[in-house]
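What follows is a short report on a single structure.
None of the figures in this text is laboratory data; all of them are computed from the coordinates on show. Keep in mind the model is a prediction, meaning the values are calculated, not measured. Every residue, glycine among them, receives a Cβ derived from its backbone with ideal geometry; neighbour counts consider all protein chains shown.
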Amino acid sequence: MRAHRVVVTGGAGFLGSHLCERLLAEGATVICMDNFLTGSPVNVEHLIGRPRFRVIECDLTGYVHVPGEVDLVLHFASAASPTDYLRHPIATLKVGSLGTLHALGLAREKGARFVLASTSEVYGDPLEHPQRETYWGNVNPVGPRSVYDEAKRFAESLTTAYRQSHGVDTAIVRIFNTYGPRMRPHDGRAIPTFVRQAVHGRPITVTGDGSQTRSICYVDDTVQGVLTLADSDFEGPVNIGNPSELSMLELAQTIRDLAGSSSPIEFVDRPVDDPAVRRPDTSLALARLGWRPEIDVTTGLLRTISWFEQELLEKSRPAS
């Protein structure tokens with residue numbers, strides 16, 4: 001990494017904590033900022049005490065100050081699962097707007113490179129498949145998911161404005177469905193839900209008829225893509241995700257088989273505005289960053305299932 005001192009907003013979240021861990025391993029000093037609304041100190045407790053790691057509890061929608069030099073700001077603060085952003089709609093909109101404004105202000109003050117964690121959700125329920133960065137999206141601005149989708153779309157616009165008007169060195173990464181260790185078992189997303197249900201032998205709840213698709217990318221690959229972008233001079237936006245596409249029914253069946261579970265599949269109502277398809281065109285990431293995912297779905301899911309099994313086992317043990 002070219003950056004020596006990095007601020008990671010949302011650093012105690014699932015993806016943020018993996019970024020903090022990787023940055024430390026590469027020799028950077030890391031300031032993790034989080035208000036712990038959806039992130040958890042548990043995700044970074046193994047990093048606390050290291051001389052180049054610091055946690056600052058703060059709300060980005062308020063005043064933000066970091067003493068000393070900063071080379072890179074990775075803005076990953078946001079609720080990311082439907083369960084979370086539907087529970088905290090205004091907080092989600094505020095961190096996407098005011099939080100992004102303040103994170104960009106920090107980058108401008110420090111002369112730092114800024115990377116916005118955007119999302120495949122800016123494409124909405126896409127009419128283009130697979131989704132290229134040139135696609136403008138199909139988003140319902142007043143639907144229940146809009147608090148997340150539109151917050152990220154606004155954040156992209158604000159980031160672009162700071163680049164054009166203030167000369168801030170910015171980049172935008174559109175992250176597709178990422179999974180791996182440290183996801184919360186009850187965060188509402190498909191993979192932790194399916195794994196938790198399979199491990200406990202409970203019915204695996206697939207929404208709708210299960211024909212809707214997602215493209216899942218293991219967290220190590222996503223982290224590599226984000227940091228490769230951060231280390232480049234490319235502004236994006238760029239898709240980071242795995243173009244290997246699965247239906248939700250196929251994903252549920254695969255997780256059940258890999259977990260050695262006999263859980264039945266149970267179909268439940270599909271959420272409002274749930275996208276029918278999701279698959280990134282990653283040719284731009286390959287051409288500009290030399291990045292492609294390396295970890296196949298089976299390997300990634302086996303690692304994730306193993307982590308969840310250990311976590312669920314520890315939580316089931318009686319306190320001594």
Per-region count, region 65-99, residues assigned to a helix (DSSP H, G or I) and aliphatic (A, V, I, L, M): 6
Residue satisfying all of: in region 1-24; of a type in the set (D, E, K, R) and touching a residue at least 60 places away in the same chain (Cβ under 8 Å); farthest from TYR85 (Cα to Cα) among these: ARG2
Restricting region 7-22 to residues that are within 23 Å of LYS110 (Cα to Cα) and touching a Ser or Thr at 6+ places or on another chain (Cβ under 7 Å), the residue that is surrounded by the most Cβ atoms within 10 Å (Cβ to Cβ): GLY11
Every pair of residues 6+ apart whose Cβ atoms lie under 8 Å, when the first sits in region 223-238 and is part of a helix (DSSP H, G or I) while the second is of a type in the set (Lys, Arg): VAL223/ARG22; LEU227/ARG22; ALA230/ARG113
Residue match in region 20-28 (condition: within 25 Å of THR92 (Cα to Cα) and of a type in the set (A, V, I, L, M)): no
THR193 being touching a strand residue (DSSP E or B) at 6+ places or on another chain (Cβ under 9 Å) and touching a residue at least 60 places away in the same chain (Cβ under 8 Å): no
Filtered residue count, region 201-216, keeping only those that are in contact with a helix residue (DSSP H, G or I) (Cβ under 9 Å, 6 or more places away or on another chain) and either part of a loop (DSSP other than H, G, I, E, B) or free of Cβ contacts under 8 Å to residues at least 24 places away in the same chain (or both): 8
Region 23-62, subset in a loop (DSSP other than H, G, I, E, B) and basic (Lys, Arg), residue surrounded by the most Cβ atoms within 10 Å (Cβ to Cβ): ARG52
Evaluation of LEU249 against (1) in a helix (DSSP H, G or I); (2) touching a residue at least 60 places away in the same chain (Cβ under 8 Å) (one fails), failing number: (2)
Selection count where residues are of a type in the set (A, V, I, L, M, F, W, C) and surrounded by fewer than 14 Cβ atoms within 10 Å (Cβ to Cβ), scope region 268-287: 5
Residue list for region 135-158, restricted to those being polar (S, T, N, Q) and touching an Asp or Glu at 6+ places or on another chain (Cβ under 9 Å): ASN138, ASN140, SER146
Inter-residue pairs, beta-carbon under 8 Å, first in contact (Cβ under 8 Å) with a residue 40 or more places away in the chain and in region 90-111, second of a type in the set (Gly, Ala, Ser) and assigned to a helix (DSSP H, G or I), 6+ apart: THR92/ALA151; LEU93/ALA151; VAL95/ALA151; GLY96/ALA151; GLY96/ALA155; SER97/ALA151; SER97/ALA155; THR100/ALA155
Answer residue from region 127-145, given it is touching a residue at least 40 places away in the same chain (Cβ under 8 Å) and either within 17 Å of the chain's Cα centre (by Cα) or surrounded by 19 or more Cβ atoms within 10 Å (Cβ to Cβ) (or both) and is nearest to LEU93 (Cα to Cα) among those: ARG145
